[in-house]
Amino acid sequence: MGNRGMEELIPLVNRLQDALGGVGQTCSLHLPQIAVVGGQSAGKSSVLENFVGRDFLPRGSGIVTRRPLILQLLTSNTEYGEFLHCKGKKFTDFDDICGEIETETQRLTGINKGISPIPINLRIYSPHVLNLTLVDLPGITKVPVGDQPADIEYQIRDMIMQYICKENCLILAVTPANTDLATSDALKLAKDVDPQGQRTIGVITKLDLMDKGTDALEILENRLLPLRRGYIGVVNRSQKDIDGKKDIKAALLAEEQFFQSHPAYRHMAARMGTPYLQKMLNQQLTNHIRDTLPAFRCHLQNQLLTLNKEAEEYRQYGPDDAGRRTKILLKSIQHLAVDFEKLIEGSGDKVDTNNLSGGARINRIFHECFPYELIKLELDEQKLRREITYAIRNIHGVRTGLFTPDLAFEAIVKKQISRLNGPCMKLIDMVSQELLTTVHQCINKVQLSLRERRPPPRQISRPLWPSPPPHPRSPPKFNHLFLVPVLTFPEIFIQICS
């Protein structure tokens with residue numbers, strides 16, 4: 001690229017990415033990156049493996065990528081991989097890298113195709129790669145499999161949108177050539193957040209699988225659905241080639257020969273293929289980092305000033321400062337409300353793979369327990385018909401009526417509804433118990449957080465309010481039991497509000 005400073009931009013962002021990953025990515029820094037988006041079996045994994053020249057990504061049917069994979073490629077004389085969660089361990093066997101990705105994925109999502117938004121950070125050093133950082137996102141799906149929830153499509157879309165909606169993120173939209181480009185899920189999502197096509201790079205795969213007599217020339221020449229950064233065509237290995245362990249180097253040579261020999265693509269062969277795509281992405285990401293660096297630096301400085309201001313407030317912390325304690329209490333209540341909502345809505349950071357909890361248990365009560373209680377209400381049809389007849393005749397009295405009176409209908413319906421009182425009250429008790437259990441879980445989490453952040457007991461072991469002088473004849477009372485270190489969160493809340 002001719003500029004050493006520009007070449008160091010991508011490794012610099014990689015170090016920032018690792019730093020944020022080490023603290024759980026709690027900072028709201030939107031780092032420049034490239035997000036890889038595409039449907040299932042669109043060829044995303046093959047494109048990434050062609051960049052590295054090795055097979056290292058899990059393969060199979062259904063959703064294979066179930067957690068975002070932050071893939072950092074760095075030029076080096078030696079070839080090995082490192083995971084952020086396995087610091088200091090070098091993986092020289094790429095089969096071990098594949099196994100570690102599967103193990104780390106199953107650790108959070110289980111074995112039945114669940115998904116998680118928590119990313120896996122993988123860094124690969126190789127003499128065959130250019131400096132590049134990509135985020136491989138789960139493939140877009142429409143039909144749930146295994147124990148996946150019914151809204152799996154919307155969960156994956158939400159996860160993808162969390163990445164591509166950021167202005168600092170370039171979108172690599174991977175679409176197979178043997179499908180209609182107008183129905184591409186990847187391009188549709190990209191267009192939702194980037195309607196002008198300023199941040200989107202199109203990748204067209206499976207050009208060799210198109211019907212005879214057809215080609216994707218109009219797409220590759222950027223005339224059908226124009227993108228400012230254009231489209232690049234690639235030819236990946238087929239499933240037969242992958243099963244037969246065809247070497248990626250041989251596949252790249254076959255790809256080059258395909259473009260040079262195809263009559264429709266021959267004139268643009270130099271601007272097609274995996275090597276050109278990797279080189280172009282390296283340049284695009286570097287230029288993107290350079291363009292967004294001033295705004296990113298300003299945002300970083302503003303966050304630093306905010307953190308310094310907050311740190312200065314803690315330096316002046318006083319154990320008897322009522323305003324400080326009230327502020328901590330209000331923040332704790334806010335955290336409790338957020339944790340409660342996450343448990344009920346099912347969007348928590350940590351997914352329990354062993355037991356149902358929170359909203360899932362309430363859902364089971366409504367859809368399994370309550371219908372079962374209703375089924376246990378036996379209906380005697382003959383008795384019901386007899387009651388309807390008696391109600392109509394009693395309301396008519398000595399008269400003969402042609403129409404069913406409303407009073408008879410209301411009497412019968414009210415009696416039937418009253419039978420639902422028992423199951424409904426039982427439903428309310430069960431849901432209330434689950435809500436209380438969820439609240440206690442959130443309170444325990446807040447209590448733990450308060451214990452971790454409070455100063456040593458010697459600094460704050462003082463009564464919240466002065467004790468009245470004891471009566472001369474009365475026995476001593478242990479008023480100092482009301483010390484801050486032993487107060488629970490509900491007690492603090494009650495005392496301050498009272």
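Place +1 on the Cβ of every Lys and Arg and -1 on the Cβ of every Asp and Glu in the range 29-300, take the dipole about the Cα centre, and give the residue among HIS299, THR105, PRO32 whose Cα lies farthest towards its positive end.
After comparing all options, I get HIS299.
How far is it, in nm, from the label point at ASN178 to the one at LYS249 when both lie 7 Å from their Cα along the line to the Cβ?
The answer from the label model is 2.9 nm.
When a/c reaches 1.5 or more, the comparison of a/b and b/c decides; with that in mind, is the range 29-300 rounded, prolate or oblate per its Cα gyration tensor?
Rounded shape, in that the Cα axes give a/c under 1.5.
Under 20 °C and 1.002 mPa s, how fast does the range 230-325 diffuse according to Stokes-Einstein, given a Kirkwood radius computed over C-alpha pairs? Answer in µm²/s, whole number.
Here the translational diffusion coefficient equals 116 µm²/s.
Compare the peptides 125-138, 400-413, 276-289 by average per-residue count of other Cβ atoms within 10 angstrom and give them in order, highest first.
Working: 125-138: 20.4, 400-413: 11.9, 276-289: 18.4.
Result, highest mean first: 125-138, 276-289, 400-413.
Based on Cβ point charges of +1 for Lys and Arg and -1 for Asp and Glu, what charge dipole magnitude is obtained for the range 324-450 about its Cα centre, in debye rounded to the nearest 20?
Approximately 400 debye in magnitude.
State the answer as a single residue: which of MET425, ILE365, ALA408 lies farthest towards the positive end of the charge dipole of the range 324-450, with beta carbon charges of +1 for Lys and Arg and -1 for Asp and Glu, about the Cα centre.
MET425
Sequence gap at least 6, Cα distance under 8 Å: using those rules, report the relative contact order of the range 29-300 to the nearest whole percent.
For the range 29-300, the relative contact order is 23 percent.
Give the peptides 331-341, 230-240 in descending order of average Cβ contacts within 10 Å, highest first.
So the peptides 331-341, 230-240, ranked by packing, come out 230-240, 331-341.
Obtain the radius of gyration and the Kirkwood radius of the range 324-450 from its C-alpha atoms and give Rg over Rh.
1.29
Could you work out the Rg to Rh ratio of the range 176-259, with Rh taken as the Kirkwood radius (inverse of the mean 1/r over all Cα pairs)?
For the range 176-259, the value is 1.02.
Ordered by packing density, taken as the mean number of other Cβ atoms within 10 Å over each peptide's residues, highest first, how do 382-395, 98-111 rank?
The most tightly packed comes first, giving 98-111, 382-395.
In square angstrom, what is the accessible area per residue of the range 342-404 with a 1.4 angstrom probe?
85 Å²
Please compute, for the alpha-carbon atoms of the range 124-240, the extent along each of the three principal axes and give them in descending order in Å.
Here the spans come out as 42, 35, 32 Å, largest first.
Here is the link list: LYS44/LYS240; LYS240/LYS279; LYS87/LYS309; LYS376/LYS414; LYS212/LYS245. Which ones come out longer than 24 Å on Cα distance? Don't jump to the answer; show the numbers that get you there.
On the way: LYS44/LYS240 17 Å; LYS240/LYS279 28 Å; LYS87/LYS309 33 Å; LYS376/LYS414 19 Å; LYS212/LYS245 27 Å.
Beyond 24 Å: LYS240/LYS279; LYS87/LYS309; LYS212/LYS245.
Ignoring ligands, DNA and RNA, what accessible area per residue does the range 29-300 give at 1.4 Å, in Å²?
Here the per-residue accessible area is 46 Å².
Relative contact order for the range 101-173: what is it in percent, counting Cα pairs under 8 Å that are at least 6 residues apart?
About 25 percent, as a whole number.
The values are calculated or read from the model by the stated rules, or taken from the named source; none is laboratory data. These figures come from a predicted structure and were not determined experimentally. Heads up, the Cβs are rebuilt from the backbone with ideal geometry, glycines too, and the neighbour counts pull from every protein chain shown. Please note that ligands, DNA and RNA were not included when accessible areas were found on the heavy atoms of the full protein model with its side chains. Shrake-Rupley method; radii C 1.70, N 1.55, O 1.52, S 1.80 Å.
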